[in-house]
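Everything below concerns the one structure shown next.
What follows is calculated from the coordinates using simple rules that are stated; it is not laboratory data. Keep in mind it's a predicted model, so treat the numbers as computed, not measured. Quick reminder, even Gly has a Cβ in these numbers, built from the backbone with ideal geometry, and neighbours come from all protein chains shown.
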Amino acid sequence: MEILFAVIILGSLGLIFGVGLAIASKRFNVKVDPKLEQVQHLLPGANCGACGNPGCFGFAESLLEGKNTVESCRVCSEEIKEKIAGIMGVSLEKQTKKIATLHCNGGLKVKDKYAYSGVNDCIAANLVLGGQKSCVFACLGFGTCAKACPFGAISMSDEGLPVVDKVKCRSCNKCVLACPKKLFSLVSISNSVYVACSSHDAGRDVKAVCPVGCIACRLCEKACKFDAIRVIDNLAVIDYHKCTSCKACVKVCPTKTIRVRE
């Protein structure tokens with residue numbers, strides 16, 4: 001009888017708990033929009049944060065809440081974006097792909113002002129007198145941008161400069177944010193001409209530390225028929241709204257600072 005009594009009590013408790021859990025699951029059930037799962041399934045899962053959300057799930061939620069647009073995902077291919085737009089019932093605005101572009105061509109050509117022996121990280125090196133390079137605007141060459149890229153689109157060359165693979169680059173903006181010298185920008189792939197320098201020093205000072213820096217000679221200004229390039233604060237600046245990539249400025253640049261993306 002004692003055993004039977006114990007079995008009845010345990011069985012009754014199990015039944016009560018089971019009914020309670022069933023009621024609780026229905027009462028506190030969180031309804032999930034089926035679109036959320038569909039969109040999340042299509043997203044790449046890179047969790048790069050370039051869209052302004054903490055990962056792909058956050059981006060999917062922001063889409064459903066109307067706080068973001070499909071175009072905000074810089075990682076998805078156009079095909080995937082069209083599928084997501086179809087699920088959301090919205091039209092997709094076509095956008096030109098942008099490529100991370102380095103505005104420095106110094107590397108090993110730039111003289112060092114001291115021997116740095118600290119952590120191999122650009123941010124850490126920059127804390128020590130602005131880095132080891134004589135040019136305060138120069139790339140420090142420790143590859144922090146390459147480490148920050150979630151797509152393996154940046155590698156370091158033998159010249160100590162980051163090289164961007166335009167096929168792998170998803171314009172996620174990670175390298176732009178990671179570089180302590182602010183040497184990267186996102187440039188449309190249709191604009192092949194760019195200025196590989198960020199120095200605002202006077203021409204004579206640039207020449208003293210770097211043979212490939214902008215010396216503000218203004219030959220590019222004179223050569224451009226479209227008024228698309230101007231020297232501002234000792235540095236050539238391209239207006240991509242006017243630039244036709246005619247390469248006239250590239251041909252006349254004496255230091256080969258103005259380059260064509262390969």
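Note on Ala6 and Leu108: their simple-model spin labels are 8.1 nm apart, each label 7 Å out from Cα toward Cβ.
Ranking Gly11, Val206, Ser192 by how far each Cα lies toward the positive end of the dipole of the chain (charges on Cβ) leaves Val206 at the top.
For Ser198, neighbours were defined as the other residues whose beta-carbon sits under 9 Å from its Cβ, and their charges (Lys and Arg +1, Asp and Glu -1) total +2. The charge dipole of the chain, taken about its Cα centre with unit charges on the Cβ atoms of Lys, Arg (+1), Asp and Glu (-1) only, comes to about 1040 debye. A Förster radius of 25 Å, combined with the Cβ-Cβ distance separating Lys147 from Leu127, puts the computed FRET efficiency at roughly 0.90. Highest average first, the peptides 115-121, 140-146 ordered by how many other beta carbon atoms sit within 10 Å of their residues are 140-146, 115-121. Please state the shape class of region 98-260: rounded when a/c is under 1.5, otherwise prolate if a/b exceeds b/c and oblate if not, all from the C-alpha gyration tensor. Oblate, because a/c is 1.5 or more while a/b does not exceed b/c. Report note on the peptides 130-139, 149-158: ranked by the mean count of other C-beta atoms within 10 Å, highest first, their order is 130-139, 149-158.
A Förster radius of 45 Å, combined with the Cβ-Cβ distance separating Ser91 from Ser117, puts the computed FRET efficiency at roughly 0.20.
Fully extending the segment from His41 to Thr244 would add 69.1 nm, taking 0.36 nm per residue of separation and subtracting the current Cα-Cα distance. Each of Phe17 and Ser188 was given a label point 7 Å from its Cα along the Cα-to-Cβ line. The distance between the two points is 6.5 nm.
Region 108-150 and region 206-262 have Cα centres spaced 25 Å apart. The helix-only estimate of mean residue ellipticity at 222 nm for the chain, built from DSSP H runs of length n ≥ 4 each weighted as -39500 (n - 2.57), is -9000 deg cm²/dmol after division by the residue total. Farthest toward the positive end of the dipole of the chain, out of Ile123, Cys51, Ala138, is the Cα of Ala138, where the dipole comes from beta carbon charges about the Cα centre.
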